[in-house]
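Worksheet: one structure, shown below.
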Amino acid sequence: MLLSQAVGRPVVNVTTAETIGTVTGCFVSGRPARITALHLNTRGHGGHILTWDNVRSFGQDAVIIRSMEKLRPDKHIDSQDPAHPSHDPIGKPVLTETGELHGTVEDIDFDQQTGHIQRLVATEGDMPGETLLGSGSYAVVTSTTT
Amino acid sequence: MSDYLRAREIIKKPVVTLGGEAVAQIKDVVFDAARGDIRAFTLSGRGLLAGPMKRALSWKNVHALGPDAVIIPDETAMEDDAGTATEAQDGPGGGNVLGARMLTASGSDLGKINDVIVQTGKRPRVVGYQIETADTARQQILVPVLKPVSVSGEMVVVPDATAQYTAGDLAGLTAAAQGLHNRLEQEK
């Protein structure tokens, strides 16, 4: 599914049956290309980071988690941390590993079961997910060999 | 991957890790006068308040050189002591390739080198020089360099045939280099 479709989806704590917030973005890593964490907007508490392994189920209508304990407030995250908001890949320039710009990231197509990234949607054309090498505060870097 | 870049155009380009972090920008290019090659880059920090960094980037640690960025594997590719990468500058034949004269092996002066042409990609290498011709026209021409006969900070000596294979722009350099290559093969 596309990340743009996941944004706004409620996040529900299955233990207490409460909606704790909504998905606002994600963090990714390369080799293998996957979603590492989700950025949530939690009601009255600002933003939180939820790592992918704490997602119990990424459902059609809601993202299910088991407990609140694993949520990390984003205020306490160091700017060097891969889960810092500056590492959100959406809108970042796509830079190939040979140093050429290739538009900006518009969307991410991922598998909601595994978090595996299938496709990067960029302004200058789509790229297979496996080309993703890394995502930082400056750019999303892709390999040129597919 | 046969795109060419002038060495001067590399200055100010961001240095980006494969992880997508911009860790520095290129401040200057350090030439290896003994080999007519690029030895290293000196770096400066990014941003308005950033000054020069006490770190350098060796040519051999560059993952790829592109039109929009210099890519390095990770931050450890930069060396802490800028001296190790740049020391040979003052070594034998020291100085800079820029400003040196280009002379053919039989002794004609082709002109003054004012830039170095680098092939981009994963194995960046020096493919030629931009020279200002020695005659009164003072044209800017590009000269492919496959195997310089010898190089010093004062001059670069190239095979005689080089003078016949020059190009007016970067697009023409590929053909010129190919022509020179074939010619040098025949002469063997």
Check on residue B:68, touching a helix residue (DSSP H, G or I) at 6+ places or on another chain (Cβ under 6 Å) and either at pLDDT 85 or above or closer than 15 Å to residue B:31 by Cβ (or both): no
In the range A:91-106, residue surrounded by the fewest Cβ atoms within 10 Å (Cβ to Cβ) [restricted to those that are in contact with a Pro (Cβ under 6 Å, 6 or more places away or on another chain) and more than 7 Å from chain B (Cβ to nearest Cβ)]: A:104
Strands (runs of 3 or more DSSP E) within the range B:97-188 that include 2 or more residues under 14 Å from the mean Cα position of the chain (by Cα): B:109-119, B:125-133, B:140-144
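Tally up the residues in the range B:46-65 that are at pLDDT 85 or above and not β-branched (Val, Ile, Thr), please.
9
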Pair list, Cβ < 8 Å and 6+ apart or interchain, from the range B:4-28 residues that are facing another protein chain (nearest Cβ under 7 Å) to residues that are surrounded by fewer than 21 Cβ atoms within 10 Å (Cβ to Cβ) and of a type in the set (S, T, N, Q): B:20/A:137; B:21/A:137; B:22/A:137
Residue within the range B:11-20 that is at pLDDT 85 or above and among the polar types (S, T, N, Q) present: yes
Residue in the range A:50-72 that is surrounded by 13 or more Cβ atoms within 10 Å (Cβ to Cβ), touching a Cys at 6+ places or on another chain (Cβ under 7 Å) and not basic (Lys, Arg) present: no
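Answer yes or no as to whether residue A:136 is within 15 Å of the chain's Cα centre (by Cα), open to solvent by less than 10 Å² (accessible area, probe 1.4 Å) and more than 14 Å from chain B (Cβ to nearest Cβ).
The answer is no for residue A:136.
The values are calculated or read from the model by the stated rules, or taken from the named source; none is laboratory data. Computed from a predicted model, the values in this text were never measured in an experiment. Reconstructed Cβ throughout: ideal geometry from the backbone, glycine too, with neighbour counts over all protein chains shown. When the accessible area is computed, the model is the full protein with side chains, heavy atoms only, and any ligands, DNA or RNA have been set aside. Shrake-Rupley method; radii C 1.70, N 1.55, O 1.52, S 1.80 Å.
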